[in-house]
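The values are calculated or read from the model by the stated rules, or taken from the named source; none is laboratory data. Fair warning: this is a prediction, and the values are worked out from it, not measured in the lab. FYI the Cβ positions are ideal-geometry reconstructions off the backbone, even for glycines, and counts take in every protein chain you see.
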Amino acid sequence: MTKEQLIIAGPCAAENAEQVVESAKVISQLSVPQGTTKELRISLFKPRTNPGWDGVGLAGIAWMIEQSHLLPVATEVLSDQHPRQVVEQILAQNSHARIRIWVGARNYNHGVQQAVGRIAAEFPNNVTAMLKNPMHPDEKAWNGGAEHILLAGMPHENLVLCHRGHTPNGHPNPLKLRNLPDHDLAMRIKEKSGLRMVFDPSHTGGTLELVYLMLRTARKYQYDGLCIEAHPNPTEAKTDALQQIPLNELKSVLYNNWWTK
Ligand code: PEP
Ligand code: MN
């Protein structure tokens, strides 16, 4: 891993006020090595492979506004309207807020990517972004997605890429990972693009033991941080219950599996 780490941590999705408040409290108080930046993951929108609960949507903006006084807040967006809606509503209440908008693996759409780039260009002091790799190992699509965001005006230093692995369908998967990481591909794209690259152990691992294994494997590569799921009470999580680290264990998990020497 690199020295200046970005840790985006929190629940898969924002579910209710208590869960968001508790998550923000723990993440903001989490002690981390020098040079580490923390952001709160609290997604308002959830892409779903099969129909199901798909997030609280814009109704959760008030929670993001509240926590934006404590630390930077991060949400996925699904439509080309979401970036502006989220950013303008938060900034109307807290002009100092720092907001990370991300585009996920299941929503590779250049209209959304450009909308993220445009809003980031308009508010370079407030808005950063993250682009996850697409579902399939398609280097061209990942690079192209980053270029769509940058060409729409996004400052280069405000965009990070995130490796969340690729769908295992049709590939050997002896460990039964949820998604298969390709660290060499991620490092190649990092090098080529000059963009920072974080790793997502949650959506690669899929279950806690494998999440921890993913951390220990990935720490040998030059990742610039993590996007990692943790929940105050994972058994009650509405999405991705099996892979979310209990918040009160996050610190020891990170120190034992990521920051170990
Ligand atoms: C997520 O981060 O919650 C998510 C939906 O991930 P991905 O886009 O990697 O599937
Ligand atoms: Mn998730």
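The table that follows gives values for the structure above.
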| read-out | value |
| --- | --- |
| His203 being surrounded by 20 or more Cβ atoms within 10 Å (Cβ to Cβ), within 13 Å of ligand 1 (Cβ to nearest atom), within 21 Å of Ser28 (Cβ to Cβ) and not hydrophobic (A, V, I, L, M, F, W, C) | no |
| Single match in Met214, Met197, Met187 (criterion: surrounded by fewer than 19 Cβ atoms within 10 Å (Cβ to Cβ) and without any contact (Cβ under 8 Å) to a residue 60 or more places away in the chain) | Met187 |
| Filter result (within 16 Å of ligand 2 (Cβ to nearest atom) and in contact with a Lys or Arg (Cβ under 7 Å, 6 or more places away or on another chain)) within the stretch 50-81 | Trp53, Asp54, Gly55, Ala74 |
| For Met135: the one exception among (1) surrounded by fewer than 21 Cβ atoms within 10 Å (Cβ to Cβ); (2) away from ligand 1 (no atom under 13 Å from the Cβ); (3) within 27 Å of Ala237 (Cα to Cα); (4) within 19 Å of the chain's Cα centre (by Cα) | (2) |
| Unique residue being within 16 Å of ligand 1 (Cβ to nearest atom), out of contact with any Cys (no Cβ under 7 Å at 6 or more places or on another chain) and at pLDDT 95 or above when the list is Leu177, Leu247, Leu254 | Leu177 |
| Residue among Thr75, Thr37 that is modelled with pLDDT of 95 or more, within 18 Å of the chain's Cα centre (by Cα), away from ligand 1 (no atom under 16 Å from the Cβ) and of a type in the set (S, T, N, Q) | Thr37 |
| Test for Met135: is it farther than 23 Å from Ile228 by Cβ, at pLDDT 95 or above, aliphatic (A, V, I, L, M) and in a loop (DSSP other than H, G, I, E, B) | no |
| Neighbours by Cβ (under 6 Å, 6+ apart or cross-chain): first from the stretch 1-19, within 14 Å of Lys46 (Cβ to Cβ) and within 14 Å of ligand 2 (Cβ to nearest atom); second small (Gly, Ala, Ser) and in a strand (DSSP E or B) | Ala13/Ser43 |
| Any hit, the stretch 230-243, residues being within 16 Å of ligand 2 (Cβ to nearest atom), in contact (Cβ under 8 Å) with a residue 60 or more places away in the chain, crowded, with 19+ Cβ neighbours inside 10 Å and among the acidic types (Asp, Glu) | no |
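Per-residue answers, yes or no, for (1) farther than 29 Å from Leu180 by Cα; (2) touching a Gly at 6+ places or on another chain (Cβ under 7 Å); (3) in contact (Cβ under 8 Å) with a residue 60 or more places away in the chain:
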site: Leu91; (1), (2), (3): yes, no, no
site: Ser95; (1), (2), (3): yes, no, no
site: Asn107; (1), (2), (3): no, no, yes
site: Gln114; (1), (2), (3): no, no, no
site: Ile119; (1), (2), (3): yes, no, no
site: Phe123; (1), (2), (3): yes, no, no
site: Asn126; (1), (2), (3): yes, no, no
site: Leu131; (1), (2), (3): no, yes, no
site: Pro137; (1), (2), (3): no, no, no
